[in-house]
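Below you'll find the structure, written out as structure tokens, and then a few comments.
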Amino acid sequence: MNIFFKKRAHILQNQNQRLSRTIITAGVVSLAAYVMVQIFSPERPLPYSDKMIHAAQIMEKAVTIIGDYCDTSGIKIDKTIDPNRTGLIGPEYSGLMTTIGHLEAKRTTTNPDIAALIVHLLDRAGVTAGDTVAVGGSASFPALMVASLAAAKAMEIYPVVIISLGASSYGATNTEFNLLDIYKLLLNEGVFTVQPAAVSLGGEKDIGKNFEPDIKERLIRQIQLSGIPFIYESNLRKNVLMRMKIYEGNSSEGRISAFINIGGSDANFGISQLALKLKPGLNKKMSIPSKEERGVLFEMAARDIQVIHLLYIKGLALEYGLAWDLIPLPKPGETKLHDTQSHNNIEFLLISIIYFLGLFMLVFYRKKKFP
């Protein structure tokens with residue numbers, strides 16, 4: 001009986017030793033695969049193309065013009081919230097404020113290299129010179145509007161732009177210098193040449209229901225005097241279809257190559273909870289809600305138009321390597337952008353295949369030798 005137990009213990013000891021060696025070998029294979037990924041498929045910075053640099057330079061020029069205009073026109077820049085003196089960071093609370101915004105996120109979007117990132121995203125969406133892109137933006141992120149226009153100019157594509165004037169805190173919330181004022185300044189200075197295709201009030205129901213009556217009246221008068229088509233429609237579905245008609249009517253042969261959504265306006269976002277699941281940056285595929293719940297971005301997706309979603313700025317920064325809340329702002333091309341969705345996918349796939357094949361062979365060998 002003692003001999004039996006000794007043999008049994010010896011067999012178990014050998015099995016445990018073989019299992020330990022197998023686990024150690026598997027660990028070595030895993031470590032080797034990790035090292036290969038770091039060597040052959042690292043998260044390398046995106047190389048800046050000439051168009052990306054040009055876009056960043058255009059945005060840098062625009063930001064300088066806006067800041068200088070504020071200085072010479074008596075428009076106060078609060079250095080405590082806008083230390084880079086961009087003129088694109090408005091007060092936390094004002095008559096144009098619709099929702100709570102995050103100051104650091106707003107300041108991050110004033111980096112000129114965000115225009116370079118938008119060029120990269122448009123490239124990934126397949127947009128090329130001569131194409132038309134639709135742009136829809138609230139005043140929550142005026143810097144992103146400037147960046148989108150800069151990217152379009154650098155790429156020689158035509159932007160059809162619809163803006164709304166309601167803004168979350170720290171956006172274009174200055175009642176004396178709203179998003180339409182900013183846009184018109186850059187047109188007058190020759191930075192951009194494409195007029196907005198339409199303007200809405202934004203805010204609740206896209207008709208400024210939450211604005212004070214005097215603010216709302218002043219904005220309506222400003223839009224009417226501008227001569228720009230005015231969208232004033234509280235029904236979401238009708239509003240979306242009205243916008244789609246404007247986009248298609250201003251594009252070459254009615255063809256839109258991509259849609260850039262800036263902020264979270266009711267008309268662009270819609271009322272579906274699916275909007276909360278959108279990832280920042282390029283969205284090639286997404287679940288589509290019912291027509292009654294769709295904003296413009298979902299209507300675009302339903303028509304197989306790729307969407308570049310610019311809202312969750314922290315997520316955008318993590319996904320694409322944007323520097324967070326820099327003081328001072330970097331010069332064009334200094335930000336080490338990356339793209340986790342597009343870098344070295346082939347190398348990563350090959351390494352993954354080799355890794356799992358190695359593990360399979362290790363298990364097969366063990367079972368064959370020690371059945």
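Since every read-out is calculated from the coordinates, none of them should be taken as a lab result. On a predicted model such as this, the values are computed, not experimentally measured, just so you know. Every residue, glycine among them, receives a Cβ derived from its backbone with ideal geometry; neighbour counts consider all protein chains shown.
Kirkwood hydrodynamic radius, computed over distinct alpha-carbon pairs, for segment 50-320: how many Å, to one decimal?
Final number for the Kirkwood radius of segment 50-320 is 18.1 Å.
Tell me the net charge near I231. Cut-off is 13 Å between Cβ atoms, I231 excluded, with +1 for each Lys or Arg and -1 for each Asp or Glu.
Once positives and negatives cancel, what remains is +1.
Along the Cα→Cβ direction, 7 angstrom out, place labels at L274 and K314. What is the inter-label distance in nm?
Inter-label distance under the simple model: 2.6 nm.
For T193 and D50, FRET efficiency with R0 = 25 Å and r from the beta-carbon atoms, rounded to 0.05?
0.75
Find how much the distance from S290 to H102 grows on full extension, using 0.36 nm per residue of separation minus their present alpha carbon separation; answer in nm with one decimal.
64.6 nm
Could you calculate the contour length gain from K209 to M244, that is, 0.36 nm times the residue separation minus the distance between their Cα atoms, to one decimal place in nm?
Length gained between K209 and M244: 10.3 nm.
Hey, how many Å between the Cα centroid of segment 261-328 and the Cα centroid of segment 158-232?
21
Highest mean first, what order results for 267-276, 221-230 on Cβ atoms within 10 Å?
267-276, 221-230
Residues in segment 107-135, backbone N under 16 Å from the label point at K331 (7 Å along the Cα-to-beta-carbon vector): list them, ranges by number please.
It comes to 112-113, nothing else.
Can you sort S265, S94 by how many other beta carbons sit within 10 Å, fewest first?
Going from sparsest to densest Cβ surroundings: S94, S265.
Once the piece of chain linking Q222 and E176 is laid out straight, how much longer is it, given 0.36 nm per residue of separation minus the C-alpha distance between them?
15.4 nm
Of the options S252, L219, P91, report the single residue whose Cα projects farthest towards the positive end of the charge dipole of segment 50-320 (beta-carbon charges: Lys, Arg +1; Asp, Glu -1).
In segment 50-320, that residue is S252.
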